[in-house]
Amino acid sequence: MNEKIVQFNDKMTKSIDNMNSEFAAIRAGRANPHVLDRLRVDYYGTPSSIQQVANVTVPEPRMIQIQPWENSMIKVIEKEIMTSDIGIMPTNDGKVIRLVFPELTEERRKDLVKDVKKKGEAAKVAVRNIRRDANDLFKKQGKAGELSEDEQKQLEDEVQKITDKFITEIDKAVDEKSKEILTV
């Protein structure tokens, strides 16, 4: 791969990684500890992820169990979960916090699929914007005489091929996540 293309390929890869991390946070009926990834709790003045201050397990398909290493963290973690957008009320027995995920309704599943498609579309827009930036750069270099017309055309074709590859990858990821959500 041409070194002029590598930076744009890396940016497109980051767009896909970002979309995949957003997909991981969307719950699909099953308990997935990744729904806690974005939450931060105050641990001795340092914002820390729940996984850094507690043992997070999935003992049953629709339950996440959080066992803080220090009992003083139970209230802090519980409060953070309640104020988050997860939409699940935590329960605790003084030692362990449990999150029980209800079965998703058909309507909620359809809303989640729409959300997945929106995130996929946003990732496609990001990839296309990166392609546009690349092509603009190559045109500038062509006008400045740094690239011949053939080199410019070749680079633009290469960027288009990479863009097509990433768009296909995004479509595949959206389809997989949509199927996962719609599977009862």
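The values are calculated or read from the model by the stated rules, or taken from the named source; none is laboratory data. Since we're looking at a predicted model, the values are computed, not measured. Reconstructed Cβ throughout: ideal geometry from the backbone, glycine too, with neighbour counts over all protein chains shown. Just the protein is used for accessible areas: all its heavy atoms, side chains included, with ligands, DNA and RNA removed. Shrake-Rupley method; radii C 1.70, N 1.55, O 1.52, S 1.80 Å.
Numbers at a glance
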| item | result |
| --- | --- |
| Residue within the range 26-39 that is in contact (Cβ under 8 Å) with a residue 12 or more places away in the chain, farther than 30 Å from K114 by Cβ and out of contact with any helix residue (DSSP H, G or I) (no Cβ under 9 Å at 6 or more places or on another chain) present | no |
| Where a residue in the range 110-136 is touching a residue at least 60 places away in the same chain (Cβ under 8 Å) and its partner, wherever it lies, is open to solvent by 60 Å² or more (accessible area, probe 1.4 Å), with Cβ under 6 Å and at least six apart | K119/E22; I130/K11 |
| Number of the exception - G29 against (1) on the phi < 0 side of the Ramachandran plot; (2) open to solvent by less than 80 Å² (accessible area, probe 1.4 Å); (3) modelled with pLDDT under 85 | (1) |
| Qualifying positions in the range 124-165 - of a type in the set (D, E), surrounded by fewer than 13 Cβ atoms within 10 Å (Cβ to Cβ) and under 34 Å from the mean Cα position of the chain (by Cα) | D136, D157, D164 |
| Matching residues, the range 47-71, being under 15 Å from G94 (Cα atoms) and either open to solvent by 80 Å² or more (accessible area, probe 1.4 Å) or β-branched (V, I, T) (or both) | I66, Q67, W69, N71 |
| Subset of the range 47-86 (residues that are among the small types (G, A, S) and more than 13 Å from L36 (Cβ to Cβ)) | S72 |
| Residue check, K95 touching a residue at least 24 places away in the same chain (Cβ under 8 Å), surrounded by fewer than 13 Cβ atoms within 10 Å (Cβ to Cβ), of a type in the set (K, R) and over 27 Å from K172 (Cα atoms) | yes |
